[in-house]
1. Residues with beta-carbon under 11 Å from that of Ile90, excluding Ile90: net charge, scoring Lys, Arg +1 and Asp, Glu -1?
2. Quick one: of the DSSP bridges fully inside the chain, what percent are antiparallel, nearest 5?
3. Calculate the length of the line joining the C-alpha centroid of the stretch 152-227 to that of the stretch 38-114, in whole Å.
4. What range in the chain is the longest one free of trypsin sites (Lys or Arg not before Pro) that are in a loop by DSSP and have at most 15 other Cβ atoms within 10 angstrom?
5. How long are the semi-axes of the equivalent ellipsoid of the chain, taking √(5λ) for every eigenvalue λ of the Cα gyration tensor, in whole Å from largest down?
6. Starting from the 7 Å offset along Cα-to-Cβ, what nm value, one decimal, do you get for the label separation of Val95 and Phe153?
7. So, for the chain, what is the accessible surface per residue at a probe of 1.4 Å, expressed in square angstrom?
8. Which whole-number percent gives the relative contact order of the chain, counting Cα pairs below 8 Å spaced six or more residues apart?
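The values are calculated or read from the model by the stated rules, or taken from the named source; none is laboratory data. None of the values given here were measured: they were computed from a predicted structure. With ideal geometry, Cβ positions are generated from the backbone for all residues, glycine too; neighbour counts draw on all protein chains shown. These accessible areas exclude ligands, DNA and RNA; they are computed on the full protein's heavy atoms, side chains included. Shrake-Rupley method; radii C 1.70, N 1.55, O 1.52, S 1.80 Å.
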Amino acid sequence: MTNDSIIKPEILICQPADGFRFGVDSVYLAWFAQVSGKKRIIDIGSGSGVISALLAGLKRVGQIDAAEMQAPMFSCLERTVEQCGLGHIIKPLNVDIRTYRPDFQYDAAVCNPPYRDPSSGKVPQDETELNARFTTTMNADHLFSFCRSFLKFGASLFLSYDADMMPALFDAGFRYGFEAKRLMAVCPDINIKPKVVLMEFRKGGKRELSFEPPLFQKINGEPSPLHTKIFTGEWQ
C-alpha cells in the first residue's frame, strides 16, 4: 500500500502499490459535484475513498456513506478515513450496491463507475482492477436502479463516465426516472476531443440539459487555469 496526499497535505489516500489507483477523473468529479450543505450522501463504489475524502475535506457536507464491495479496496478506504481523521463524516460500508438496502433515502449520490464491458478489449489480470475498470460487478443499470429506490425525489446523482459510452447513461437514466441536467466535457487539451464527461442526473427532473464550458486539462501543453485551481483547492 501507499499513502498519497492529494490537494491538501492532510488528505492522504491509501491505495495499492500495484493494481487499481485513482485517476484525475475522481478529483474532477469531487470538484464538480454540488453537494455542499447536503445532509447525507452516498459515494457508490468508493474504492480507496478519494472522492469521499475530498468532499469531506473541501466541501461542507454532513454525512458520507462510502460504499465499497471489494475487500482489498475496502481496507484502503478504512485506512484513508482513519489517517485523514474523517471518521466523524465518512462511514465506510462494505456492501454491494446491487443488494444494499438502507432503510432511508439519500440527499445525493456520487459515483465514478466502471465504464467498459469486459468483452471489449484487453482486461486486467488483477481481479480488483478488473472490477474497478470494467462492468463485471456494476453497470449503469445497477447504479440507476439503486438510486431510483434510495435517493430522495429531486436528488442528484453526480458521476464521471467515458465520453464514448455516454449513450448508456442517457438510456439507463431515462428508464429509471432520471433526467440529465448538467454535462461538462473533460478534454486533454485544446482541439482534442473529450475522453471523460462529468454529469449530473436528477431524480424526477424536467427535460432540460445545461452544457457547461469544457474542462481542459491542458492548454497547448500547459496545465489550464481551471485544472490548476482544482488541484490547489480553489473550489469555491
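1. Here the charged neighbours net out to -3.
2. Bridges in the chain that DSSP calls antiparallel: roughly 50 percent.
3. 21
4. It works out to 123-194.
5. 23, 22, 20
6. Modelled inter-label distance: 2.3 nm.
7. With the other protein chains kept in place, the chain gives 46 Å² per residue.
8. Normalised by residue count, the contact order of the chain is 17 percent.
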